[in-house]
Amino acid sequence: MESIVLFGPPGAGKGTQAQRITEKTGLPQVSTGDMLRAAVAAGTQTGLEAKEYMDSGKLVPDGVIIKLIVDRLMEADAKNGVMFDGFPRTIPQAEALSKITSVSHVISIEVPDAKIVERICGRFTCKACGFVYHEVFNPPRSVGKCDHCDISEFNKRADDNEETVMSRLAAYHEQTSPLAEWYMSKGILHAIDGDRDIDSITQDILKSLN
Ligand code: ADP
Ligand code: ADP
Ligand code: ZN
């Protein structure tokens, strides 16, 4: 089984691209952020442990994340690999991952810090299907209605505010960005310019997966 990692700063477009490529690769999207938000909403032990870190824009401890991933990879749909979105985010997470699955490609979506705040502050998602939109850069085709469902209710994340974004970016630079070099040394890092329109980025990612 071979998995793909979508890597990049918060707001780089990992979820957006994952939603577009998952049909093409047949690999299910595994987003630790989505899994943690579901755990917080359900009030599970994991959710209770994770909440304060997420609210303040800090990384959730590696042990909590690794357990989530180990359990997720045991599910039937993960047997041919998955597409990780937002995981791994630290070297210990990557080391743990390397013991349980093989990663064929790490796609690094590069976006300058100066673009991150506007991306994150305009983000919203469909309440029913989770599709990601942006108020300015990527609104639904008909105003107020999801492109994929009949529903017209949307969510904005509590941590998508300017203050939390700054600490998420700091966490990215301190703890996550060293992973790019780690994966580069293994020869599987593919850098993609993420500061372009969504479709061009999707095309480039699909090319580097070939
Ligand atoms: P991540 O999963 O990396 O945090 P998202 O995919 O949620 O990022 O994207 C963050 C926000 O930026 C969303 O509102 C999304 O619609 C928007 N976005 C994604 N890709 C682009 C792009 N290439 N250009 C402009 N906005 C984008
Ligand atoms: P984004 O890509 O927009 O920053 P995510 O949805 O991936 O957002 O993550 C939201 C929050 O969940 C992070 O700020 C962090 O607190 C936590 N989180 C998600 N994935 C991880 C991970 N792999 N390791 C540690 N914390 C994580
Ligand atoms: Zn929808």
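The values are calculated or read from the model by the stated rules, or taken from the named source; none is laboratory data. Since the structure is predicted, the reported quantities are computational estimates derived from the model, not experimental observations. So basically every Cβ, Gly included, is an ideal-geometry build from the backbone, and we count neighbours across all protein chains shown. We work out accessible area using only protein heavy atoms, side chains counted, and drop any ligands, DNA or RNA first. Shrake-Rupley method; radii C 1.70, N 1.55, O 1.52, S 1.80 Å.
Looking at the range 95-123, which of its residues are over 20 Å from GLN17 (Cβ atoms) and small (Gly, Ala, Ser)?
ALA96, SER98, SER102, ALA114
Quickly run through the range 64-88 and pick out the residues that are at negative phi, under 13 Å from the mean Cα position of the chain (by Cα) and within 9 Å of ligand 2 (Cβ to nearest atom).
Of all residues in the range 64-88, those at negative phi come to 64-80, 82-85, 87-88.
Retained after the next criterion (residues that are under 13 Å from the mean Cα position of the chain (by Cα)): 82-85, 87-88.
If the condition is that a residue be at negative phi, under 13 Å from the mean Cα position of the chain (by Cα) and within 9 Å of ligand 2 (Cβ to nearest atom), then PHE84, ASP85, PHE87, PRO88 are the ones that fit.
Quick check on the range 1-30: of everything there that is within 23 Å of MET166 (Cα to Cα) and within 16 Å of ligand 3 (Cβ to nearest atom), which residue is surrounded by the most Cβ atoms within 10 Å (Cβ to Cβ)?
Taking the candidates together, the pick is THR16.
Take ALA128 and tell me if it is aliphatic (A, V, I, L, M), within 16 Å of ligand 2 (Cβ to nearest atom), within 24 Å of ARG37 (Cα to Cα) and surrounded by 12 or more Cβ atoms within 10 Å (Cβ to Cβ).
Numbers: aliphatic (A, V, I, L, M): yes; within 16 Å of ligand 2 (Cβ to nearest atom): no; within 24 Å of ARG37 (Cα to Cα): yes; surrounded by 12 or more Cβ atoms within 10 Å (Cβ to Cβ): yes.
It is false that ALA128 is aliphatic (A, V, I, L, M), within 16 Å of ligand 2 (Cβ to nearest atom), within 24 Å of ARG37 (Cα to Cα) and surrounded by 12 or more Cβ atoms within 10 Å (Cβ to Cβ).
Among the numbered criteria (1) away from ligand 3 (no atom under 16 Å from the Cβ); (2) surrounded by 13 or more Cβ atoms within 10 Å (Cβ to Cβ); (3) of a type in the set (Gly, Ala, Ser), which one does SER152 miss?
All conditions are met except number (1).
Of all residues in the range 23-54, count the ones that are within 8 Å of ligand 2 (Cβ to nearest atom) and touching an Asp or Glu at 6+ places or on another chain (Cβ under 9 Å).
Residues flagged as within 8 Å of ligand 2 (Cβ to nearest atom) and touching an Asp or Glu at 6+ places or on another chain (Cβ under 9 Å) within the range 23-54 amount to 5.
Which of the residues belonging to the range 161-210 are crowded, with 18+ Cβ neighbours inside 10 Å, within 15 Å of ligand 2 (Cβ to nearest atom) and under 18 Å from ARG89 (Cα atoms)?
Result: THR164, VAL165, ARG168, LEU169, ALA171, TYR172, THR176, LEU179, TYR183.
Return the total of residues in the range 131-148 being out of contact with any helix residue (DSSP H, G or I) (no Cβ under 7 Å at 6 or more places or on another chain), within 10 Å of ligand 3 (Cβ to nearest atom) and either farther than 19 Å from ARG196 by Cα or hydrophobic (A, V, I, L, M, F, W, C) (or both).
Final tally of qualifying residues: 4.
Suppose we filter ILE120, ILE109 for residues that are over 24 Å from PHE154 (Cα atoms), within 16 Å of ligand 1 (Cβ to nearest atom), under 15 Å from the mean Cα position of the chain (by Cα) and open to solvent by less than 40 Å² (accessible area, probe 1.4 Å); which single one remains? Can you show your working first?
Values: ILE120 fails: over 24 Å from PHE154 (Cα atoms).
Sole residue among the options that is over 24 Å from PHE154 (Cα atoms), within 16 Å of ligand 1 (Cβ to nearest atom), under 15 Å from the mean Cα position of the chain (by Cα) and open to solvent by less than 40 Å² (accessible area, probe 1.4 Å): ILE109.
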